[in-house]
Amino acid sequence: MNKKFVRFYFVFVLLIFTFSITYFISETYRSYKNNSKETQTAFFQLKNDSSDDDLFLKSIEKFSQDSNVIALQIIKNKKGFYAKNENFNYNFESAMISVISDCFNESDNFYEITAAVYKLNPDTIYKNAKFSFLIILTFTIITAVFLIFINQKNNKESKNIFNENSNNSQSNDENTYESDVDSAAETEENSLINLPEEESLSDKEPELCEINKEEELHSFEQENNDFSTQETETVQFTPEESTEKLSIEEDSDKNNQTSLLQEILNTKTETAVFLIKTDTDDNFLKTKVLTEKYFDNDIIIEKENNTILIIKKNINIDEAEDCAAEFHEELLSEYENMEQNSVCIGISCTTTRLITADRLILEAEEALKHAINEKDSDIIGFHVDIDKYNEFIASEENKQ
């Protein structure tokens, strides 16, 4: 195949790949610029339509159905008037999400409108990435087929060249063989003529031949012994290595739950950890059933010694204690044969701190120990003095 055509094809494929990547970046950037303007325009249009109640409701419905709108909250005269995604935290902002709000009076009514909107919609990223990916995938497959075709063609050409060379070498070998046969015949005739005048080597030195045979046999046996010795060697773990391997397997679950909690903490979301422990296996099964219903939207991890770990986001320590109290009360009312101190709960919360997952679990474990030892209360929350905590952090930074 023409080398110019191959080079042209690969340059063309390279340009296609470059176009796909450029398209993805440019379209994503354009969407990022336009989404904010269009959504803000539609948001402030709600104020203009508030004079007519029917028109205002239609505008609210149309705005809330926009794919760029994550959450919407409208308060009329300090009372809830409309809400989309009520559990959304409007204090949370990121590079892809922005929160806009507006307050105004209309016909003796005071409105407060707050909305969380995408600066860059994930659906837009997905569509642009899908289009670019399909283009790259298509030309990658075409290029792979093209390379296979070139490889097969080159193999055929090399085989033809090899066959031609082998035929030439075979003819040369036949000529050489004939000349060698002639020379060998002449040599044999000369040796037959001189044979009576010379003695045979085997007749002259029989002892030397036997010694050489014994040395070869001894060498062969020695090689076999060395080989068999190498085959029987095995690798064994020392007791220290086996213990270390076992401890790694036992700690794998703990590391998984710690890494999961750390990923949540990295988002700087207010997070609480619940540790629920029961006194018997029967009570543990009952508690587990109700836990899966009550904390259905949260992360539930079953631990050893009749203990359950729950990770709940967007909640502070006071709300977490109220939640635990409601759960505990519902548990005792659901199963009347369960006693007051049969289920204990320990709670810890980030409380606007930058804290590691190990530290947060440790605080929940300490709170659970106090709850088990305390007879008056089955629920203990780990409270932190924020002022003292900030002073401690400042002192540590000064030391460094």
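So, in the stretch 30-83, of the ones that are within 33 Å of the chain's Cα centre (by Cα) and basic (Lys, Arg), which residue ends up most open to solvent (accessible area, probe 1.4 Å)?
ARG30
Pull up the stretch 247-264, narrow it to residues that are closer than 23 Å to THR351 by Cα and out of contact with any helix residue (DSSP H, G or I) (no Cβ under 6 Å at 6 or more places or on another chain), then point me to the one that is modelled with the lowest pLDDT. Show your work before the answer.
Kept after step one, since they are closer than 23 Å to THR351 by Cα, are these residues of the stretch 247-264: 257-264.
Pick out the ones that are also out of contact with any helix residue (DSSP H, G or I) (no Cβ under 6 Å at 6 or more places or on another chain) and you get 257, 259-260, 263-264.
On the way: GLN257: 78, SER259: 85, LEU260: 87, GLU263: 89, ILE264: 88.
Here the answer is GLN257.
Filter the stretch 260-290 down to the residues that are without any contact (Cβ under 8 Å) to a residue 24 or more places away in the chain and of a type in the set (Val, Ile, Thr) and list them by number.
If the condition is that a residue be without any contact (Cβ under 8 Å) to a residue 24 or more places away in the chain and of a type in the set (Val, Ile, Thr), then THR267, VAL289 are the ones that fit.
Restricted to the stretch 98-133, and to residues that are in contact with a helix residue (DSSP H, G or I) (Cβ under 9 Å, 6 or more places away or on another chain) and part of a helix (DSSP H, G or I), which residue is nearest to VAL69 (Cα to Cα)?
My answer is THR124.
Could you please find all residues in the stretch 319-340 being in contact (Cβ under 8 Å) with a residue 60 or more places away in the chain and either among the charged types (D, E, K, R) or open to solvent by 90 Å² or more (accessible area, probe 1.4 Å) (or both)? Outline the logic, then answer.
Let us first name the residues in the stretch 319-340 that are in contact (Cβ under 8 Å) with a residue 60 or more places away in the chain, namely 320-321.
The one that is in contact (Cβ under 8 Å) with a residue 60 or more places away in the chain and either among the charged types (D, E, K, R) or open to solvent by 90 Å² or more (accessible area, probe 1.4 Å) (or both): GLU321.
Looking at (1) closer than 30 Å to LEU15 by Cα; (2) in contact with a strand residue (DSSP E or B) (Cβ under 9 Å, 6 or more places away or on another chain); (3) of a type in the set (A, V, I, L, M, F, W, C), can you tell me which one PHE104 breaks?
Just one mismatch for PHE104, condition (1).
The values are calculated or read from the model by the stated rules, or taken from the named source; none is laboratory data. Given the structure is predicted, the values throughout are model-derived calculations rather than measurements. Quick reminder, even Gly has a Cβ in these numbers, built from the backbone with ideal geometry, and neighbours come from all protein chains shown. Quick note on the areas: whole protein, heavy atoms, side chains included, nothing else; ligands and nucleic acids left out. Shrake-Rupley method; radii C 1.70, N 1.55, O 1.52, S 1.80 Å.
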